[in-house]
Amino acid sequence: MEISQALDELAQVIAEARPRALGGGAIIDRDTAMRLIAEVQQSVPEEIHRAHGVMAERDALIDAAAADAEQIRVNARAEADAIVAADQVTLAAHEEARRIVEQAHAEAQHKRSEVDAYVDGKLAAFEGSLQATLEAVAHGRAKLAGQWQDAPDEGR
């Protein structure tokens, strides 16, 4: 029998007790009252045991939830650290890529300047050769023209 039921029956036994003629007390059925009290006394340890079990189960659930929460926090921190590290690696990679591109542009500009200087030198040398050739051609033409002027008009 449950405690609350036994206490309800005990309260009914007391409520139904016959009043005593003198002294304002009441006459109750002692055997019934003692039986109900014994049931309550037997039920109390069982109820307390169940309550302790429920409290232990609650404590275990709280401990498990705290452990889960701690694991979630640890996992979240690790994931955040990994994201930050990956972000730092990404930033470093972008910075390195930018540096490499700038270096390549500088090297390309330097090479272009060297090629331009080389080509300009070759063109200047070619221009010199052409100039000498033109001068030789002009001198040859002048010489040729001078021969025709010095020669008598023979058959013209």
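The values are calculated or read from the model by the stated rules, or taken from the named source; none is laboratory data. The shown structure was predicted, so the numbers you read here are calculated from the model rather than taken from an experiment. Using ideal geometry, Cβ is built from the backbone for each residue, glycine included, and neighbour counts are taken over all protein chains shown.
Worth pointing out:
- In the stretch 46-67, the residues that are more than 19 Å from Ser4 (Cβ to Cβ) never reach a residue that is part of a helix (DSSP H, G or I) and at pLDDT 90 or above with C-beta atoms less than 7 angstrom apart, at least six apart or across chains.
- Some residue of the stretch 45-53 being loosely packed, with under 11 Cβ neighbours inside 10 Å and not in a helix (DSSP H, G or I): no
- Residue check for Val115: at pLDDT 90 or above, among the β-branched types (Val, Ile, Thr) and out of contact with any Pro (no Cβ under 8 Å at 6 or more places or on another chain): yes
- Comparison of Gln41, Gln147, Gln71 shows that the only residue that is modelled with pLDDT under 85 and either loosely packed, with under 10 Cβ neighbours inside 10 Å or under 35 Å from the mean Cα position of the chain (by Cα) (or both) is Gln147.
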